[in-house]
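Following this message is one structure expressed as structure tokens.
Coordinate-derived values only; no laboratory data. Worth saying up front: this structure is predicted, and the values here are computed from it rather than measured. A quick note on method: Cβ atoms are made from the backbone with ideal geometry, for glycine too, and the neighbour counts reach across all protein chains shown.
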Amino acid sequence: MRKNVDRSLTGKIGRVTGRIAPDTIGEVMLPYLGGIMAFHAHPFDKSSDFPVGAEVLVIYFDPPQTVYVDELPDVLRHAE
């Protein structure tokens with residue numbers, strides 16, 4: 001692991017805009033630097049699958065533009 005880890009996106013909630021699955025490069029929109037930006041995304045556990053529109057939780061940020069995400073816990077979900 002790197003000594004100077006950027007944790008600015010860790011714990012952020014994002015919305016999937018490109019399917020995230022094993023062996024693919026997905027996309028997620030996240031609040032960043034006062035706006036909303038698209039980031040490449042991979043499943044943190046290397047086996048999960050997240051469809052377009054799903055909300056996910058950022059577990060790890062690999063600068064400059066890649067995040068590793070996991071399922072959003074029930075306690076953080078928005079009421080539908």
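Taking 30 Å as R0, compute the FRET efficiency from the Cβ-Cβ separation of Leu76 and Ser47 and round it to 0.05.
Efficiency at R0 = 30 Å is approximately 0.90.
Sticking with this structure for a sec: So, with +1 on the Cβ of K and R and -1 on the Cβ of D and E, and no other charges, what is the size of the charge dipole of the chain about its Cα centre, to the nearest 20 debye?
340 debye
While we're looking at this one, here's another question. Towards the positive end of the charge dipole of the chain, with charges on Cβ (+1 Lys, Arg; -1 Asp, Glu), say which of Gly35, Val16, Val52 has the farthest Cα.
So the residue furthest toward the plus end is Gly35.
Relative contact order for the chain using alpha-carbon pairs under 8 Å, separation at least 6, rounded to a whole percent?
30 percent.
Within the range 54-71, list the residues whose amide N lies under 20 Å from a label point set 7 Å along Cα→Cβ of Arg7.
Within reach of a label on Arg7: 57-71.
With volume of the Cα convex hull per residue in Å³ as the read-out, I listed [x] 102; [y] 393; [z] 125; which label goes with the value calculated from this structure?
Read-out from the structure maps to [x].
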